[in-house]
Amino acid sequence: MTYVKNLNGFSDKRGILFPIEFSELPFTPKRMFYVKGVPKDTIRGEHAHYVTKQILICITGKILVGLFDGEEVSETILKEGESILVNNMIWDYQKFMTDDDVLLVLCSTSFDENDYINDKENFIKVVGDL
């Protein structure tokens, strides 16, 4: 269920470059956003998507990502330069572990409020009906 990928950084005296080749991703992104300024130990996310897949990328800090498929929970701590795939119909949450975490999210679809499942009990019911 968990797919974690290290981004390949290229380092020299000017810093580190982390390229993301869209052709290497499991989908072509349609939308991108980032989250920052989240207080330490705050949990965000806590929803699933009917259709949208996402790749969560830790830009800086440490972020615990929880994935729940309706039966099992897996947790992974992303560090700088690591990413994780969140498939559709997976309940996910992120716990921001420092005061300077930055999370970049690549989405397979454009924003659609109707794609969200915001109630965990409803998610469990929907997954059980599949």
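The values are calculated or read from the model by the stated rules, or taken from the named source; none is laboratory data. These numbers come from a predicted model, not from an experiment. Heads up, the Cβs are rebuilt from the backbone with ideal geometry, glycines too, and the neighbour counts pull from every protein chain shown. Note: areas computed on protein heavy atoms with side chains; ligands, DNA, RNA excluded. Shrake-Rupley method; radii C 1.70, N 1.55, O 1.52, S 1.80 Å.
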(message) Can you give me the accessible area per residue for segment 1-99, using a 1.4 Å probe, in Å²?
(response) 60 Å²
(request) Name the residues whose placed amide hydrogens come within less than 5 Å of the amide hydrogen of residue 78, ignoring near sequence neighbours (fewer than 5 apart) on the same chain. (result) 63, 64, 65
(request) Output the relative contact order of the chain, whole-number percent, from Cα pairs under 8 angstrom with separation of 6+ residues. (result) 34 percent
(request) First select every other residue whose beta carbon is under 12 angstrom from the beta carbon of residue 57; then total the charges, Lys and Arg +1, Asp and Glu -1. (result) -1
(request) Would you mind getting the Kirkwood hydrodynamic radius of the chain from its Cα pairs, rounded to one decimal in Å? (result) 15.3 Å
(message) Please report the carbon-and-sulfur percent of the accessible area for segment 1-93; probe 1.4 Å, protein heavy atoms only, DNA, RNA and ligands left out.
(response) 50 percent
(request) Based on a Kirkwood Rh over C-alpha pairs, give the Stokes-Einstein translational diffusion coefficient of segment 54-120 at 37 °C and viscosity 0.692 mPa s in µm²/s. (result) 260 µm²/s
